[in-house]
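Asker: Take this structure, written in structure tokens, and hold onto it; I'll ask about it next.
A short reminder: the numbers here are calculations on the coordinates, not readings from a lab. For clarity, every value in this text was computed on a predicted model and none was experimentally measured. Neighbour counts run over all protein chains shown; Cβ positions are idealised from the backbone, glycine included.
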Amino acid sequence: MTNNDKVYTAIVLQGDGALGAYEYGVLKALYEKRPGFTPVAVTSISIGAVTAAVLGGAKSDPDAVREVIVIELFRMNAQVPRSLLDVLQRMVQLQYTSWLKLDKHFFDKVDSFVDLVAMLETTLPKTSPVRDDPIYKDMLTYRKINHFNVVTSTIPANLTTAADFSRSSIEARINAGYHDAVAQGIGDVDAPGLRFGVSVP
């Protein structure tokens, strides 16, 4: 089990509009289940924002555990739309959903570069001119992401409309986000229910 006191966490929020209430529920559970929790970065999802989340805190304590928590509002495996309005809503959702696999691949690639630089550092001769290169020196400060964790939404389809700001739907999304985060193990960075690719019923 990872010591939660030595974890540097970046939060990647997905989606927009009224669905932010679900994300609020997840964050509420995170702060409750990890007393003293403070993220190093919070961002919305896009490849530039994900890069910022990866590097947020990367140049600090080399012994700290680094975690990225993605709140996945829209899954690839959803019900087939039944109306034209459902088709349009699903098209918007898929714009956000498709990033998740790309992000995981991106993190894995960055981690492989970090490993390569670490190997170079141990094998390069002490007099190598590469050691004086500013880019090489900068790359030595980067650290791996130890945990790429995902909280997956189980909210019903009637709560996935980003334009519904009614009090009852906002409260239902907050509660759903909170309960999903707790059920998936938000209190522990090693929780198997938070792993990328884990299906939620």
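Asker: Could you order the peptides 158-169, 30-41, 130-141 from most to least packed, using the average number of other C-beta atoms within 10 Å per residue? Don't skip to the answer; put the middle values down first.
Answerer: Working: 158-169: 13.4, 30-41: 15.0, 130-141: 11.8.
Descending mean neighbour count gives 30-41, 158-169, 130-141.
Asker: Which order do the peptides 116-127, 84-95 take when ranked by the mean count of other beta-carbon atoms within 10 Å per residue, highest first?
Answerer: Those peptides, ordered most packed to least, come out 84-95, 116-127.
Asker: Determine, from the Cβ-Cβ distance of Arg195 and Arg131 and an R0 of 35 Å, the FRET efficiency 1/(1 + (r/R0)^6), rounded to the nearest 0.05.
Answerer: It comes out at approximately 0.40.
Asker: Right, next: Using only Cα atoms, what Kirkwood radius does region 103-201 have, in angstroms?
Answerer: Taking every pair of different Cα atoms in region 103-201, averaging 1/r and inverting gives 17.1 Å.
Asker: Could you sort 180-189, 106-115 so that the peptide with the highest average Cβ count within 10 Å comes first and the rest follow in order?
Answerer: My ranking of the peptides, most packed first, is 180-189, 106-115.
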